[in-house]
Amino acid sequence: MDIKLLKKIKDDTLKRVGNKFDKDYRTNKEKEVRIVLKNSYVIDKDSIDEYIARDGYFALNKAITEMKPEEVTEVVKDSGLKGRSGGGFPTGLKWGFIPKEKGQKYIICNADEGESAATIDGVLMRQDPHSVLEGMALAGYAIGASKGYIYLRYEYPVCLEVLNKAIEDAKEKGLLGKKILGTDFDFEVEVFRGAGAYVCGEESAIINSIEGNRGNSKSKPPFPAVKGLFSKPTLINNVETLSVVPQIILNGADWYKSTGIPGSEGSKVFTLTGHLNSPKTVEVPLGITIRELIELGGGMRDNRKFKAFVTGSPNVTMLGSEDIDLPVAFPEFKERQVMVGSGGVVILDDKTCMVDFTHFNVDLLNIESCGRCTPCRVGTKRAAQLLEKIKEGSASLKDLDKLIELAEHLRTASLCGLGQAVGMTMHTAMNSFKDEFLAHINEHECAAGKCFK
Amino acid sequence: MKNKFLPEQLAEFEKSIAENAKDQAGLLKSIHLAQKVFGGVPVEIQRVIGKHHDASISKISGIVTFYDYFTSDIQGKNIIEVCVGTTCYVQEANDILKKVCEITKCEPNSTSRNKEFSVVIGRCLGKCELAPNVIINHKTHNKVTIDKVTELLKGI
């Protein structure tokens, strides 16, 4: 395989499919964009030719024939791309942390989309598997890794089939495997199935899981970039992050920056769910307001009142109705200790009791806590008990103080993101819905009628 | 309780996991295979896996009990997975779970006495736009209501 053959496949396929690629499934062409979801729902997921016809693998060719590995990292750094799985850490910076020395290194694609309500990675892997593979190969070239694992969550059996077929096809065409595109670059990809553990979306827990251990998180440092999978330098990126890399390399950093707002460059895919008229997956430029997102989801169901905007879950962070015009962007959200999250958005109406909702999530996180560190293992348990007390009506204001203190301890002292985010969950809940918590404790009043049964 | 396995089935399983044992990342694959072939990973099977992977039984047991999809009991004939992820929860998935447990006479995350049913609590099955979701014998049903799930369970 070389660039000539790649171009020939592109031309032949374009002739064959006619105007199939002109299809546009967006319902709101002004607000929605198509960058990450460029190929989703448009190409045949099983056809590598159709992916190539959409400029697929041209970025890989450009990188390994024209660019040095450091240049690839530099372009990603310039683009301002941030990790799309919740933390929002700059991707290029993460790539730069990997030591430059030669030797075995690994790429892990984090496809353990454990956040309920988020189905973005699932859609991408089902609809456009090659973009993920190409992104992994590009990352592999940039850091000098020759092996990649896709850590796929157990609940996605269809993705497993699609990805395995895509890997086979790419190998057959010489786009993965040994001597890619006739150069000296080798890159293998293997799909590794998780087994249903929420904490295994955390970097060190994934590493433990692939190594054949319980999915406990490890203390950092050493960071995976230095000592990761099988004690080798390892880069871990989310599916959505990796799948947009080929387009950044092909079109340049400035092209990517033209979408979104400064500090939150690019687009983000959101799964809009909850009490909406038409829950769905949309891709929007960052910086869009919460109000606009609700409108894209068809507005509130049964004309009820909007109550809460919830990102992520069960590690939820929430905003109340007074923040409806807040732009969805990394700096703005960080200021309020809210995560942009992996893209799962639950919109809640006024029939929902926020104390009950918080209790549900904290209780679930208590079950999912790996138990490695004390703040998270004990903290989530105590928090769930205190919230239960509020729900029953036996709590006092002292208990609320305890909860606030506990949230702070969890946020600062937990070993990994799971425990830290529980602190954020409780903090944002008590911050945005303080009155509701107070009404529960002082007046034994639950506006939604869920508690005190 | 003692579990009995066919010798041919065991021999074939051992052959497969001997392959996995050569892979650095093979242990979880072997446990996955056991769950698929036997419907669970009881102590007898854990011992077999441990022998090939050179791992202690306590380590394997630790893994089996850690991950939601591994069970140390053999699961029932029909597996019903009710999603209680956040989106399903806010749309009353707990009531559906209660109903399923009532019909199948099963506690959540356990197997009924007659080995007919296993009820599993799911944590997001990735179909949140169509919540609430229930998987019955590997087939996903969307927008489930209590009436619908009663109807579906009658069908088995």
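The values are calculated or read from the model by the stated rules, or taken from the named source; none is laboratory data. Just so it is clear, the model here is predicted, and its values are computed rather than measured. We place every Cβ from the backbone using ideal geometry, glycine too, and count neighbours over all the protein chains shown. Accessible surface is based on the protein model in full, side chains and every heavy atom, while ligands, DNA and RNA are left aside. Shrake-Rupley method; radii C 1.70, N 1.55, O 1.52, S 1.80 Å.
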Exercise for review: Tell me, please, whether a residue that is within 14 Å of chain B (Cβ to nearest Cβ) and over 19 Å from A:VAL132 (Cβ atoms) can be found in the stretch A:245-265.
Suggested key: no
Practice item. Can you tell me which residue among A:LEU272, A:LEU235 is closer than 18 Å to A:ARG84 by Cα and either part of a loop (DSSP other than H, G, I, E, B) or within 14 Å of another protein chain (Cβ to nearest Cβ) (or both)? Key: A:LEU272
Check your understanding: Looking only at residues in the stretch B:138-154 that are open to solvent by less than 70 Å² (accessible area, probe 1.4 Å) and more than 30 Å from A:PHE270 (Cα to Cα), which one is nearest to the other protein chains (Cβ to nearest Cβ)?
Key -> B:LEU152
Review point. Which of (1) assigned to a strand (DSSP E or B); (2) in contact with an Asp or Glu (Cβ under 8 Å, 6 or more places away or on another chain) does B:VAL82 not meet, given it meets every other one?
Key: (2)
Check your understanding: In this structure, does A:ALA145 turn out to be under 24 Å from A:VAL340 (Cβ atoms), assigned by TED's automatic domain parsing to the domain that holds A:VAL76 and open to solvent by less than 10 Å² (accessible area, probe 1.4 Å)?
Key -> no
Study note, to complete from the structure: Among residues of the stretch B:75-87 being of a type in the set (A, V, I, L, M) and open to solvent by less than 10 Å² (accessible area, probe 1.4 Å), the residue nearest to the other protein chains (Cβ to nearest Cβ) is B:VAL84
Review point. Taking the condition surrounded by fewer than 16 Cβ atoms within 10 Å (Cβ to Cβ), within 14 Å of chain A (Cβ to nearest Cβ) and either part of a loop (DSSP other than H, G, I, E, B) or in contact (Cβ under 8 Å) with a residue 40 or more places away in the chain (or both), does B:SER72 pass?
Key: yes
Review point. For residues in the stretch B:88-135 being open to solvent by 40 Å² or more (accessible area, probe 1.4 Å), touching a Ser or Thr at 6+ places or on another chain (Cβ under 8 Å) and part of a helix (DSSP H, G or I), which is modelled with the lowest pLDDT?
Key: B:GLU129
Point to revise | Matching residues, the stretch B:21-42, being more than 10 Å from chain A (Cβ to nearest Cβ), in a helix (DSSP H, G or I) and among the aliphatic types (A, V, I, L, M) | key: B:LEU33, B:ALA34, B:VAL37
Practice item. Among the residues of the stretch A:340-366, write down those that are part of a loop (DSSP other than H, G, I, E, B) and surrounded by fewer than 24 Cβ atoms within 10 Å (Cβ to Cβ). Key: A:ASP350, A:LYS351, A:THR352, A:CYS353
Review point. Restricting attention to the stretch A:367-394, which residues are crowded, with 16+ Cβ neighbours inside 10 Å, within 13 Å of another protein chain (Cβ to nearest Cβ), of a type outside the set (Asp, Glu) and touching a helix residue (DSSP H, G or I) at 6+ places or on another chain (Cβ under 6 Å)?
Key: A:SER369, A:CYS370
Revision key, fill the gap. Taking the stretch A:57-81 and the residues there that are under 23 Å from the mean Cα position of the chain (by Cα) and open to solvent by 10 Å² or more (accessible area, probe 1.4 Å), the one that is nearest to A:LEU93 (Cα to Cα) would be A:LYS77
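Under 19 Å from A:GLY423 (Cα atoms), within 11 Å of another protein chain (Cβ to nearest Cβ) and touching a strand residue (DSSP E or B) at 6+ places or on another chain (Cβ under 6 Å), is that true of A:VAL338?
no
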Review point. Looking only at residues in the stretch A:188-198 that are modelled with pLDDT under 90 and closer than 21 Å to B:LYS59 by Cβ, which one is nearest to the other protein chains (Cβ to nearest Cβ)?
Key: A:GLY196
Practice item. State all residues of the stretch A:321-339 that are assigned to a loop (DSSP other than H, G, I, E, B) and basic (Lys, Arg); if no residue qualifies, say none. Key: A:ARG336
Exercise for review: Search the stretch A:199-209 for residues being over 20 Å from A:LEU160 (Cα atoms) and open to solvent by 10 Å² or more (accessible area, probe 1.4 Å), and hand back the single one that is nearest to the other protein chains (Cβ to nearest Cβ).
Suggested key: A:ASN208
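Please determine whether any residue of the stretch B:30-39 is closer than 27 Å to B:ASN109 by Cβ and touching a strand residue (DSSP E or B) at 6+ places or on another chain (Cβ under 8 Å).
Taking every residue of the stretch B:30-39 in turn, at least one turns out to be closer than 27 Å to B:ASN109 by Cβ and touching a strand residue (DSSP E or B) at 6+ places or on another chain (Cβ under 8 Å).
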Check your understanding: Counting only residues that are in contact with a strand residue (DSSP E or B) (Cβ under 8 Å, 6 or more places away or on another chain), in contact (Cβ under 8 Å) with a residue 40 or more places away in the chain and not in a loop (DSSP other than H, G, I, E, B), how many does the stretch B:136-147 have?
Key -> 1
Practice item. Evaluate the following for A:LEU400: is it under 30 Å from A:VAL269 (Cβ atoms), part of a helix (DSSP H, G or I) and either touching a residue at least 40 places away in the same chain (Cβ under 8 Å) or open to solvent by 80 Å² or more (accessible area, probe 1.4 Å) (or both)? Key: no
Exercise for review: Answer yes or no: is there a residue in the stretch B:43-65 that is touching a strand residue (DSSP E or B) at 6+ places or on another chain (Cβ under 6 Å) and either at the interface with chain A (Cβ under 8 Å from one of its Cβ atoms) or aliphatic (A, V, I, L, M) (or both).
Suggested key: no
Review point. Taking the stated definitions as given, is A:PHE185 in contact (Cβ under 8 Å) with a residue 12 or more places away in the chain, in a loop (DSSP other than H, G, I, E, B) and open to solvent by less than 30 Å² (accessible area, probe 1.4 Å)?
Key: yes
Study note, to complete from the structure: Of those in the stretch A:190-222 that are assigned to a loop (DSSP other than H, G, I, E, B) and of a type in the set (A, V, I, L, M, F, W, C), the residue farthest from B:SER56 (Cα to Cα) is A:ALA197
